[in-house]
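Encoded as structure tokens, the structure appears first; notes follow it.
The values are calculated or read from the model by the stated rules, or taken from the named source; none is laboratory data. Quick caveat: nothing in here was measured; it's all calculated off a predicted structure. Because the Cβ atoms are built from the backbone with ideal geometry, glycine has one as well, and the counts that use them run over all protein chains shown.
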Amino acid sequence: MRYLLMLYADENAGAAIPPEQMAKAMEGMYAYQQALEKAGAFVSTSALGRTSDARTLRMSGGEIHNVDGAFINQGGTLKVEEGPYAEAREQFGGLFVIECEDMDAAVKWAARCPAAQWGPIEIRPVVHTSSAKEA
Amino acid sequence: MSDTARRAAERAARESYGRLLAFLAARTRDVAGAEDALAEAFASALTAWPEQGVPANPDAWLLTVARRRQTDAYRRNSTSRSGETHLTLMREELDDLAMTPEAIPDRRLALMFACAHPDIDPSLRSPLILQTILGLTAADIGAAFLIPAATMGQRLVRAKSRIAELGIAFEIPDTEDLPGRLDAVLEAIYAAYAKGWNDLVGETGGQLAEEAIWLGRLVASLLPASPEAKGMLALMLYSHARRVARRSPTGAYVPLDEQDTALWDMEAIEAAETLLRAASSAGPTGRCQLEAAIQSAHVVRRLTGTDNWPIIVKLYDILHAMTGSPVVLLNRAAALAETEGPAAALQSIAPLAEDKRMADYQPYWAVRGRLLAETGNREAAHEALTLAMGLSTDPAIRDWLEARRGELMAG
Amino acid sequence: MRYMMLIHHDETNIGDPAGQQALYAAWGAFNEALAKAEGAAPGERMQSPTQGKTVRTRNGETNVVDGPYSDAKEQLGGYFFIEAKDFDEAVKWAELCPASKYGTIEIRPIVQPDKNW
């Protein structure tokens, strides 16, 4: 099974961490990635920029209708906003995609991630990975 | 209520809970039904006792109420004639007990054997024992085993239905089956202890370790002739005696050989020594006794400065011949490094490199990293220590490994 | 610049199997376009957020709860990566995405695209 580990953290608290401590935290993350790779569980990882640099596209107004089987918002317009989808105390700031046997194993991996010390990690089972080869 | 009185009341309630549950579930094999009936009985006590006063024999009172609930529920769910026979039997048993309330038999050991039955998923044996004997909630157990409360609840419910469906008997196995079946019970209790030990820093962890020791004492008292039960209790007490010394005042990890022995709990160590002596004189040597003997040797070395590494290696040899466990081989290697040097120790764990389970087994990489560093293989040591860091859930261990890795690169 | 496109949607909006079929067709076409684009990366589609768990460790204790981190009505349903010269170009990709018709797309720039942690 494939799982997405969504790493949440308080960005402002993160920005206030002194550089040498941050370097130590990143060493921990690097070691974690090495361990995932060695165990054959690593698929991919990304670190995201701050949410203040995000943009969000949202249909404004209108209603969602099923038109000939397709879901379409009728009467609304697509608006681009500054900032993230949702404001929260902790923000989605990075991810790991891992391959492991089951949810219990995924929880075990999440608990090993240094980021679990400074914020929650949401684990989501992946249904499907789309790629050029499949399309 | 004073703290002492409250603790006494809690202890009594705990004693009663497991005893009553084991007794209620023994005939029907319906653990979940017995839990419901007992919960209702405790709830009735909460309203009745303050008004009418605490009965002379609280356990008999609780049992009578619970039995009534149980028979009512049984009657609702059963229409068969055999069900009626069952009810009559239960009623008679209850009447007998009402006459001699102090005679409620202790069937907790039988209940533990049912929970650790070969047909029960090994990962659920420990949670089942914690719930049925101690009355811990699915939320508390789940927190210790990294399973969400709801999921743990569902798994426990399924395991209990399995006991009922398979008609797993609540009995103490025959002498010839006893050692193997007892190992499963002891393993389940030790698993609870190990969970608690691993996150001893946290509140839940410390409590779980104490609960496991309580269970260990219970089994040792219910099976006074079993050397292994004593061995396991001794093993837990040796570890527990060192719990405070494992962390510096700033929370840093302190390995065994650097611990301040003044922080060790000498009372627990003496209790462990007594148990181990009694176990060794009582009969065949089992796995727990060997592991306890190794802990005893570590204690002696630290307290007297005696170099007894050869004895420790020897004990690991016997343990490895008995179990063939890769974990034993790994621990043996750490001791072997002291007697024959790091190269021989590395050589001894070479077969583990082929073992897939080692890929995410943190202690393997930590030991391997240490041995590689001692043989001067810097690059490989760096990699192994990095992997050990990446597999740690405890930041104190991660920091300690990073410091070792730093020394390696500097030296 | 590398961007991550996060699709938030209310899974109860996805509707009946016929609707899903049409939706998959629209996604198929979009993924085809994505696959041909330089630097775009295949995305992942998530199972229902109710299948997820959230883990947090504090002071050596790990706490696991069922379900997603936030209790919002719309939850992450999938994501993909694109390479774009700026936000305007990234927004164009988001507009093409079928999810823009029934959900919300959050665009987040990626840190150090060539380097991991």
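Values computed for the structure shown
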item	result
Sole exception among (1) within 16 Å of the chain's Cα centre (by Cα); (2) at pLDDT 90 or above for residue A:34, by number	(1)
Neighbours by Cβ (under 6 Å, 6+ apart or cross-chain): first from region B:396-411, of a type in the set (Phe, Trp, Tyr); second surrounded by 18 or more Cβ atoms within 10 Å (Cβ to Cβ)	B:400/B:253
Residues satisfying the stated conditions in region B:25-42, i.e. of a type in the set (Asp, Glu) and not in a helix (DSSP H, G or I)	B:30
Residue ID - farthest from residue A:105 (Cα to Cα), chosen from residues in region B:342-371 that are in contact with a Lys or Arg (Cβ under 8 Å, 6 or more places away or on another chain) and among the aliphatic types (A, V, I, L, M)	B:346
Neighbours by Cβ (under 8 Å, 6+ apart or cross-chain): first from region B:48-72, in the same structural domain as residue B:12 (by TED's automatic domain parsing); second of a type in the set (Val, Ile, Thr) and not in a helix (DSSP H, G or I)	B:59/B:104; B:60/B:104; B:63/B:104
Total residues in region C:65-100, condition closer than 23 Å to residue C:50 by Cα, facing another protein chain (nearest Cβ under 8 Å) and without any contact (Cβ under 8 Å) to a residue 60 or more places away in the chain	6
Out of B:189, B:129, sole residue that is in contact with a Cys (Cβ under 7 Å, 6 or more places away or on another chain) and either within 30 Å of residue A:110 (Cβ to Cβ) or outside the structural domain of residue B:208 (by TED's automatic domain parsing) (or both)	B:129
Any chance residue B:401 is at pLDDT 95 or above and in contact with a Ser or Thr (Cβ under 8 Å, 6 or more places away or on another chain)	yes
Filter result (among the charged types (D, E, K, R) and not in a helix (DSSP H, G or I)) within region B:385-402	B:394
Meets criteria (in a loop (DSSP other than H, G, I, E, B), under 28 Å from residue A:33 (Cα atoms) and not acidic (Asp, Glu)) for residue B:376	yes
Residue in region B:137-145 that is modelled with pLDDT of 90 or more, under 30 Å from residue B:393 (Cβ atoms) and either crowded, with 17+ Cβ neighbours inside 10 Å or basic (Lys, Arg) (or both) present	yes
Residue selected from region B:287-344 under the condition small (Gly, Ala, Ser) and not in a helix (DSSP H, G or I), by the criterion surrounded by the fewest Cβ atoms within 10 Å (Cβ to Cβ)	B:305
Residue B:311, sole failed condition from (1) within 21 Å of residue B:246 (Cα to Cα); (2) modelled with pLDDT of 95 or more	(1)
Test: residue B:353 is modelled with pLDDT of 95 or more and within 14 Å of another protein chain (Cβ to nearest Cβ)	no
Candidates B:73, B:110, B:60, B:45, filtered to the one that is under 20 Å from residue B:169 (Cα atoms) and either modelled with pLDDT of 80 or more or in a helix (DSSP H, G or I) (or both)	B:110
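One line per residue, one yes/no per condition, for (1) under 12 Å from the mean Cα position of the chain (by Cα); (2) within 19 Å of residue A:14 (Cβ to Cβ):
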site	(1), (2)
A:84	no, yes
A:89	no, yes
A:94	yes, yes
A:101	no, no
A:115	no, yes
A:121	yes, yes
